[in-house]
Amino acid sequence: MAPEVHALLRSMEVKWTSLGIVRIGVIGGSATPLILWIGMKPKSFTCDDGLVVAWRVQDLLKRHHRH
């Protein structure tokens, strides 16, 4: 899956610095959703660009989950 995310970010010319999967919650609490954290170089994108990247990555993850 990671190679597909890398390829998508490259195709969109995203200046990313890191990728990580995190789950933020409380020990013993109910399960929380996984978060794909994408680190990007400061001032390398606009808020609108960030939203487009987020939507495209989310679509990729949804397509992958269906298989």
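Quick notes
- Residue pairs whose Cβ atoms lie under 9 Å apart, sitting 6 or more positions apart in sequence or on different chains, and linking a residue in the range 43-67 that is free of Cβ contacts under 8 Å to residues at least 60 places away in the same chain to a partner that is aromatic (Phe, Trp, Tyr) and surrounded by 12 or more Cβ atoms within 10 Å (Cβ to Cβ), are Ser44/Trp16; Val53/Trp16; Val53/Phe45.
- With respect to the stated conditions, Arg23 is touching a residue at least 12 places away in the same chain (Cβ under 8 Å) and over 11 Å from the mean Cα position of the chain (by Cα).
- Test set (1) in a loop (DSSP other than H, G, I, E, B); (2) modelled with pLDDT of 90 or more; (3) surrounded by 11 or more Cβ atoms within 10 Å (Cβ to Cβ) - Glu13 fails condition number: (3)
- Total residues in the range 5-45, condition within 16 Å of Leu61 (Cα to Cα) and touching a Phe, Trp or Tyr at 6+ places or on another chain (Cβ under 8 Å): 6
- Odd one out for Ala7 among (1) modelled with pLDDT of 90 or more; (2) of a type outside the set (Phe, Trp, Tyr); (3) exposed (fewer than 10 other Cβ atoms within 10 Å of the Cβ): (3)
- Among the residues of the range 11-24, those that are charged (D, E, K, R) and either touching an Asp or Glu at 6+ places or on another chain (Cβ under 6 Å) or under 19 Å from Thr46 (Cβ atoms) (or both) comprise Glu13, Lys15.
- Test result for Ser18, part of a strand (DSSP E or B), surrounded by fewer than 11 Cβ atoms within 10 Å (Cβ to Cβ) and not β-branched (Val, Ile, Thr): yes
- Within the range 21-67, being loosely packed, with under 13 Cβ neighbours inside 10 Å and within 14 Å of Met1 (Cβ to Cβ) holds for Ile21, Leu34, Gln58, Asp59, Lys62, Arg63, His64, His65, Arg66, His67.
The values are calculated or read from the model by the stated rules, or taken from the named source; none is laboratory data. Since the structure is predicted, the reported quantities are computational estimates derived from the model, not experimental observations. Cβ atoms come from the backbone with ideal geometry, glycine included; neighbour counts cover every protein chain shown.
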